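Trainee: Structure incoming, see below.
The values are calculated or read from the model by the stated rules, or taken from the named source; none is laboratory data. What you are looking at is a predicted structure, and each value in this text was computed from that prediction instead of being measured. All Cβ positions, glycine included, derive from the backbone under ideal geometry; neighbour counts span all protein chains shown.
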Amino acid sequence: MKKIVASNFKATHTRKSTKEFIDDVNGYLKESEISNDVFIFPAATALDSFEVNENLTIGAQNAYPTKSGSFTGEIGTIHLDEFGIKTILIGHSERRHILGESQKEIVIKYNYFKAMGYKIIYCFGEPLEVKNCGMTETLGYIWEQFDGIDLNYDNLILAYEPVWAIGTGISATSEDIAIIHKKIKKKINKPLLYGGSVKVCTLQDILEVPNVDGVLVGTASWDVDDFKKMIYIASKMDKDSKKLTCNTEE
Ligand code: 13P
């Protein structure tokens, strides 16, 4: 399976810079003939009807489980339908821990978007205090984040994003990732991404970890040249696994 590369813009990039970014990435995919699946999740205000290659998908970072209605500050599926968006992130740790989304609310959201046939990138991962308690606690915490989630859903991609690694510059080690991904893959046969301080220089090592099907990147993907380098590295890994340098100018 070709490695997946996804960029979560979070609350960065304006409508204008999002369009420039997407056009740039799209042009790169076209000219390089790279066929890996690439995802970009812009801010809600920057969503639009982008004309993109088949392997480039624009998704929503979040939406309320409704078509439309009285939900101040939220968007519903009419807003996504306007732009043909059929892909969504659910369960991101920033929504769980900063915005206070409970597992119950996440399940409602998941079931709603599943019923609408969306591609769901379902995020989960443990905070530092849980990691520090050991592997049994970490896995117990992770399984709880699957409570109520239909893991047989066809259009599902999973993303393991340890909370302590997100936006901290401290990625999980290859060993950490290998252990968790193996345990998850044993139970759930779905594409499984890793996210948390992935950088251009660490990407290849992470993609080489068994059971890592791709990456979901925040901070290091917001520079379009770096994101294109990541796509390049991922595409080369499918062909040969020789060590690439960080300066992937070829
Ligand atoms: P960073 O790459 O900034 O750690 O963010 C990862 C993430 O949350 C992707 O969804």
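Trainee: Select, from 115, 63, the only residue that is touching a strand residue (DSSP E or B) at 6+ places or on another chain (Cβ under 9 Å) and over 16 Å from residue 224 (Cα atoms). Steps first, please.
Mentor: On the way: 115 fails: touching a strand residue (DSSP E or B) at 6+ places or on another chain (Cβ under 9 Å).
Answer to the check: 63.
Trainee: Something else now. Can you confirm whether residue 219 is among the hydroxyl-bearing types (Ser, Thr, Tyr), surrounded by fewer than 19 Cβ atoms within 10 Å (Cβ to Cβ) and away from the ligand (no atom under 13 Å from the Cβ)? Walk me through it before giving the result.
Mentor: Working: among the hydroxyl-bearing types (Ser, Thr, Tyr): yes; surrounded by fewer than 19 Cβ atoms within 10 Å (Cβ to Cβ): yes; away from the ligand (no atom under 13 Å from the Cβ): no.
Answer is no for this residue.
Trainee: Name every residue in segment 195-204 that is within 15 Å of the ligand (Cβ to nearest atom) and surrounded by fewer than 24 Cβ atoms within 10 Å (Cβ to Cβ), in order of residue number.
Mentor: Residues of segment 195-204 that are within 15 Å of the ligand (Cβ to nearest atom), as a first pass: 195-203.
The answer is 197, 199, 200, 201, 202.
Trainee: While we're on this one: Return the only residue of 8, 36, 26 being within 13 Å of the ligand (Cβ to nearest atom) and within 20 Å of the chain's Cα centre (by Cα).
Mentor: 8
Trainee: Could you grab me the full set of residues in segment 83-96 that are surrounded by 12 or more Cβ atoms within 10 Å (Cβ to Cβ) and closer than 24 Å to residue 37 by Cβ?
Mentor: Narrowing segment 83-96 to residues surrounded by 12 or more Cβ atoms within 10 Å (Cβ to Cβ): 83, 85-96.
Of everything in segment 83-96, those that are surrounded by 12 or more Cβ atoms within 10 Å (Cβ to Cβ) and closer than 24 Å to residue 37 by Cβ turn out to be 83, 85, 86, 87, 88, 89, 90, 91, 92, 93, 94, 95.
Trainee: Given the residues 34, 75, 90, 106, which is the only one that is out of contact with any helix residue (DSSP H, G or I) (no Cβ under 6 Å at 6 or more places or on another chain), at pLDDT 95 or above and at negative phi? Walk me through how you get there before you give the answer.
Mentor: Working: 34 fails: out of contact with any helix residue (DSSP H, G or I) (no Cβ under 6 Å at 6 or more places or on another chain); 75 fails: out of contact with any helix residue (DSSP H, G or I) (no Cβ under 6 Å at 6 or more places or on another chain); 90 fails: out of contact with any helix residue (DSSP H, G or I) (no Cβ under 6 Å at 6 or more places or on another chain).
Matching residue, one of 34, 75, 90, 106: 106.
Trainee: Restricting attention to segment 55-95, which residues are free of Cβ contacts under 8 Å to residues at least 12 places away in the same chain and either within 16 Å of the ligand (Cβ to nearest atom) or among the aromatic types (Phe, Trp, Tyr) (or both)?
Mentor: 71
Trainee: Moving to a separate point now. Determine if segment 164-174 includes at least one residue that is under 13 Å from the mean Cα position of the chain (by Cα) and within 16 Å of the ligand (Cβ to nearest atom).
Mentor: As a first pass, look at segment 164-174 and keep what is under 13 Å from the mean Cα position of the chain (by Cα): 166.
Adding the requirement that they be within 16 Å of the ligand (Cβ to nearest atom) leaves 166.
Yes - at least one qualifying residue is present in segment 164-174.
Trainee: Now for a different question. Mind checking which residues of segment 159-178 are crowded, with 17+ Cβ neighbours inside 10 Å and in contact with a helix residue (DSSP H, G or I) (Cβ under 7 Å, 6 or more places away or on another chain)?
Mentor: 160, 161, 162, 163, 164, 166, 171, 172, 177
Trainee: Which pairs do you get when a residue that is on the phi > 0 side of the Ramachandran plot, found in segment 3-22, comes within reach of a residue that is within 10 Å of the ligand (Cβ to nearest atom) and not in a helix (DSSP H, G or I), reach meaning Cβ atoms under 8 angstrom, with the pair 6+ apart or on two chains?
Mentor: What qualifies is 10/61; 10/218; 13/222.
Trainee: Can you name the residue in segment 110-133 that is of a type in the set (Lys, Arg) and either assigned to a loop (DSSP other than H, G, I, E, B) or within 16 Å of the ligand (Cβ to nearest atom) (or both) and is also farthest from residue 75 (Cα to Cα) among such residues? Steps first, please.
Mentor: Keep residues of segment 110-133 that are of a type in the set (Lys, Arg), which gives 114, 119, 131.
Adding the requirement that they be either assigned to a loop (DSSP other than H, G, I, E, B) or within 16 Å of the ligand (Cβ to nearest atom) (or both) leaves 119, 131.
Numbers: 119: 17, 131: 34 Å.
Here the answer is 131.
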